[in-house]
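Everything below concerns the one structure shown next.
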Amino acid sequence: MRVSVYGSGLTALVTAWALADVGNEVLLWPGRQETLRKLRQLVLGFDEPGLKDRLKEQLITGRLLAAETEKHAFHHGQVHCLAYESNDQHRAETLCERLARQAETPIVLLNQSTFPVGTTERLQHMMQQQRSGESGSVTCLALPSFLQEGAAIQGFTRPQRILLGSDSCGTGADEVGLKRVQELLRPFNRNHERWLRMSTREAEFTKYAINGMLATKLSFMNEMANLADQLQVDIEQVRKGVGSDPRIGSDYIYPGCGFGGLSFSDDVMRLAEAVEERVEDSYLLSTVLQTNQQQKEVLFRKLWQLWQADMQGKTVALWGASFKPGTDRIDNAPSLTLMQALWAQGVRVRLYDPKAMSNVAAWAGERDDLDCCDGLYQALEGADALLIVTEWKEFWSPDFERMAQLMPSRLILDGRNIYDPGYLQAQGFRYIGIGRSNGVEI
């Protein structure tokens, strides 16, 4: 099948690769000539494990091509995949207008962008107004993207669900377009039946509702962790107990120092705004967001209390800056809030992250109180405390003897609860986790 993909973000590039990988002829139009030039050089703007090599492979085979112009993409696709970032809605809509005017065959548009509920329906109406005759039919479908940074390739090729929104009444061009999209996605639905079909509005809203539920679980467990500190209870044991209940499950109940990410955070904020506008006296999601924002400062508050507000001139090592392991993205990352709070109190930060250092340097600019380090042990040199913000795998089993030599204070504040408090205490460290004060001297 001939497919045109529009966009340059994670969803667009993974979609383009995956569809080419199973034999389709894919044409990718990233939207701007400068972005097109970088794409041909495989400069993606983000670091997704394995994606660059896979894109290179498909470009070599010729099944994936970068479009010279958007018109080239308009005339190529039997299916058009719209995969724009959430802040590019106006650009996406104007592109769809031009597509409707210039395409010479029936249009099947698959909207993967995270735009407000009702966008796919509105695109259908707007594009249909630009067309006439049988060859001018338009079918707009919604395929919400659930790709997670750091695991996007597996997320597309082995999806937990394929949530497809269609307003087809079962006849005519809309049904033909629906069948075409189902055939396009068939290779990713072979082992188990993953289809969930509903209206476009319901599909768009489901994406927001899922992320809202996950954010609520995270924030609830962070609240429980903060209470556990006061009650001298180990939240890790509580988490295991809570996760054993099949009605709740073990996913998204790991307490920590807050969640981040561009798409996830934006989705929850959009949903919270929609609820507040339309539902009287509803504050749940806004409270979730407020709780998460406060949680991003939990390590700072613990350090403030420990040092009795005397932080001027101290040096802190930070392990981790990206909002999650496996990515270099720092959008809404807890590390940013934490660093700003530390700097405001005159604290020097020595930072190490396996992938996100260049993004942090661009965000922070030139600062005398920020040292961007080349390794996790270098970050410990001269540090009065270590704060763990992102649970990268290389942080899980470090050389504790070497750490003790580099950091005589032996003070660790673990924002992801990756260490065993009893073991670290036996090694002579002072350990403070999230909700793990029970039995550990602070």
Could you tell me how many degrees, from 0 to 90 and to the nearest 10, lie between the Cα long axis of helix 10-21 and the main elongation axis, the longest principal axis, of the Cα atoms of the chain?
60
Amide H to amide H, which residues 5 or more places from Arg430 or on other chains are under 5 Å from it, using H placed in the peptide plane?
Leu411, Ile412
At 222 nm, what helix-only mean residue ellipticity would the chain give, in deg cm²/dmol to the nearest 500, using -39500 (n - 2.57) for each DSSP H run of four or more?
-13500 deg cm²/dmol
So what are the ³J(HN,Hα) numbers for region 176-190, from phi and the Karplus equation (6.51, -1.76, 1.60; θ = phi - 60°), rounded to whole Hz, Gly and Pro as x?
5, x, 4, 5, 5, 5, 4, 5, 4, 8, 4, x, 9, 9, 8
Of Lys207/Lys324; Lys302/Lys324; Lys56/Lys179; Lys52/Lys179; Lys38/Lys207; Lys38/Lys71, which ones are farther than 27 Å apart at the Cα?
Lys56/Lys179; Lys52/Lys179; Lys38/Lys207
Angle between the Cα long axis of helix 262-278 and the longest principal axis of the chain, 0 to 90 degrees, nearest 10?
80
In Å², nearest 10: area of Arg416 left accessible to a 1.4 Å probe
50
Could you pull the accessible area for Lys314 with a 1.4 Å probe, rounded to 10 Å²?
60
Cα centroids of region 332-400 and region 288-307: how far apart, whole angstrom?
17
Longest span of the chain, sites excluded, free of GluC sites (Glu not before Pro) in DSSP loop with at most 10 other C-beta atoms within 10 Å?
1-103
Quick one: net charge around Arg348, please, counting Lys, Arg +1 and Asp, Glu -1 for every other residue with C-beta under 9 Å from its C-beta.
-1
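Would you mind calculating the gained length between Gln230 and Met213 on full extension (0.36 nm times residue separation, minus the Cα-Cα distance), in nm to one decimal?
3.5 nm
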Pop a pseudo-label 7 angstrom from the Cα along the beta-carbon direction at both Glu381 and Gln237 and give the gap in nm to one decimal.
4.2
May I have the convex hull volume per residue, in Å³, for the Cα set of region 1-64?
72
GNM of the chain, Cα pairs under 10 angstrom: of Ala18, Ala92, Ala362, the biggest fluctuation goes to Ala362
Explain nothing, just the number: relative contact order of the chain, from Cα pairs under 8 Å at least 6 residues apart, as a whole percent.
12
Length added when fully stretched, Ser409-Arg278, from 0.36 nm per residue minus Cα-Cα:
41.9 nm
Could you tell me which residue out of His75, Thr114, Gln89 lies farthest along the dipole of region 68-130 toward its positive end? Charges go on the beta carbon: Lys and Arg +1, Asp and Glu -1, centred on the Cα centre.
His75
Length gained when the stretch Ala344-Thr157 is fully extended (0.36 nm per residue, less Cα-Cα span)
62.8 nm
Could you tell me what percent of the accessible area of the chain is made up of carbon and sulfur, with a 1.4 Å probe and every protein chain present?
47
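Sorted by accessible area with a 1.4 angstrom probe, largest first, how do Leu289, Leu299 fall?
The most accessible residue leads, giving Leu289, Leu299.
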Could you state the orientation-averaged shadow area of the convex hull built on the Cα atoms of the chain, in nm² to one decimal?
23.4
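The values are calculated or read from the model by the stated rules, or taken from the named source; none is laboratory data. Everything quoted here is computed from the prediction, not taken from an experiment. So basically every Cβ, Gly included, is an ideal-geometry build from the backbone, and we count neighbours across all protein chains shown. The accessibility values were calculated without ligands, DNA or RNA, using every heavy atom of the protein model including side chains. Shrake-Rupley method; radii C 1.70, N 1.55, O 1.52, S 1.80 Å.
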